[in-house]
Amino acid sequence: MEKFDALLVGFYGMRNTGDDMLMAAAAAGARQKFKAERIAVTAAKDSEAPLRLDLINTQSRQQRFKGQDRLLKYWAAKRSEHIIIGGGSVLHTAKDIHQKRQYLSLAQSTQHIAAGVGIGPFADNKAEQACAQFLNACSFTGLRDRDSYDIARSIAPNANVALTFDLAPGLRYEPEFISSLAEQREPAIGIALCPVERFAGREDLELARLKSIATGLQKFCANQPHEIRLIDFNGHTQLGDHGVHEQLKVMLGDLPCKIIDYQANPYTAINEISKLGGIVAMRLHAAIFAYLSDTPCLALNYHPKCHNWCRDIGQASEFASDSGQIDPEWLYQRLLDIVGNHYIPPTLDVAEAYRKAQLNWNHPL
């Protein structure tokens, strides 16, 4: 029976740049914390991103029957020494949380970590109860934001939890990260949107946002010639970002504009963002990558995790906006601030963010 030193559990191998980077950070943490060499991951056999990181994919290429992937995950957990829940907003529905508890109970040891995770908002009371049970079963849980930490302390006061940080800054000083940073900036503005409304039947809200962004960019580029680069962080064929970026590209008309497709190597996204003069980031990890590469960022917050990130790094309030209330004039003026060197950088030093991220791995179990 093939055995694994650690199993990484998350939304991995699904063509999402943010999750790819969390997977890379979780793998690095497994090697650091448990000296793991054979590391498996809950991803399909043909998923490219895990293979680039020398991880072992454990799920089928395509489910042959309902529940097959869940059984394969349980079988992988049974063969694993340690379980690592690596980052993301992964603790909010009862069904999913119960499955994670099953992984812990099936594994070969009792030392398991949830690292850099967010809690809530809960779907219902059952989800809150399931989360409390999970926190008590986990050897250690590192919470990436203050709200998640407060929830954890409230519902599971005896659990081993700590306020840590998102996992991505823990890779900031790795050689591959450093080598991915561009040597110089280019006259280009990045856009990384998330089609959150169109899958909830509120295309009208998405359309309003696109019109506001297009208006602001057209006014900006009329006096400040820049290329617009639309970066697909989610490359899923149906649920990804390409459609919303295509729609914005049409609205921008004759402006110099290109779409940068999803790449299985998350360091490619780091490189692309580090080239930019600035980025308008709705995707959380687009904002995180901007922060780590010292790229000026206008944060378009669509979820509590985005607001929490801005708060925790000290993002200046004038350089953040609710994604549903974008003023074209605000966008225009803030882009002028960026190219005029009037951007106000976050107050949290990147070295401190790295230290906080490392708490996910050096906290006692």
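The values are calculated or read from the model by the stated rules, or taken from the named source; none is laboratory data. This structure is a prediction, so every number in the text was calculated from the model and none was measured. As a convention, Cβ positions derive from the backbone with ideal geometry for all residues, glycine included, and neighbour counts pool all protein chains shown. Note: accessible area is taken over every heavy atom of the protein model, side chains too, but ligands, DNA and RNA are not part of it. Shrake-Rupley method; radii C 1.70, N 1.55, O 1.52, S 1.80 Å.
Below, the figures for the structure above:
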{"read-out": "Qualifying chymotrypsin sites (Phe, Trp or Tyr not before Pro) for region 155-210 [loop in DSSP, other Cβ within 10 Å: at most 15]", "value": "Y173"}
{"read-out": "Mean residue ellipticity (222 nm) of the chain, computed from DSSP H runs ≥ 4 via -39,500 (n - 2.57), nearest 500", "value": "-13500 deg cm²/dmol"}
{"read-out": "Net charge of neighbours whose Cβ lies under 14 Å from the Cβ of E227, counting Lys and Arg as +1 and Asp and Glu as -1", "value": "+2"}
{"read-out": "Separation between Cα centres of region 316-365 and region 28-107, rounded to whole Å", "value": "32 Å"}
{"read-out": "Phi to ³J(HN,Hα) by Karplus 6.51 cos²θ - 1.76 cosθ + 1.60 over region 351-358, Hz, x for Gly, Pro", "value": "4, 6, 4, 4, 4, 5, 5, 5"}
{"read-out": "Theoretical gain in end-to-end length, R153 to F65 [0.36 nm per residue, Cα-Cα removed]", "value": "27.7 nm"}
{"read-out": "Region 128-204: relative contact order as a whole-number percent, Cα under 8 Å and 6+ apart", "value": "24 percent"}
{"read-out": "Spacing of the two label points (7 Å from each Cα toward its C-beta) at Q102 and N341, in nm", "value": "5.9 nm"}
{"read-out": "Cleavage-rule hits, chymotrypsin sites (Phe, Trp or Tyr not before Pro), region 1-96, DSSP coil, Cβ neighbours within 10 Å at most 12", "value": "F65"}
{"read-out": "Per residue accessible area in Å² of the chain, where ligands, DNA and RNA are left out and the probe is 1.4 Å", "value": "43 Å²"}
{"read-out": "Pairwise label distance in nanometres, A182 with K3, each label 7 Å out on the Cα-Cβ vector", "value": "4.8 nm"}
{"read-out": "Loop trypsin sites (Lys or Arg not before Pro), region 1-81, which have at most 12 other Cβ atoms in a 10 Å radius of their Cβ (DSSP)", "value": "K3, K35, R61, R64, K66"}
{"read-out": "Relative contact order (%) - region 1-93, alpha-carbon pairs under 8 angstrom, separation at least six", "value": "40 percent"}
{"read-out": "Carbon and sulfur %, accessible surface of the chain computed with the full protein complex present, 1.4 Å", "value": "47 percent"}
{"read-out": "Sequence of V90, V250 when ordered by accessible area, the most exposed leading, probe 1.4 angstrom", "value": "V250, V90"}
{"read-out": "Chain lengthening between K45 and Q32 when straightened (0.36 nm per residue, less Cα-Cα)", "value": "2.1 nm"}
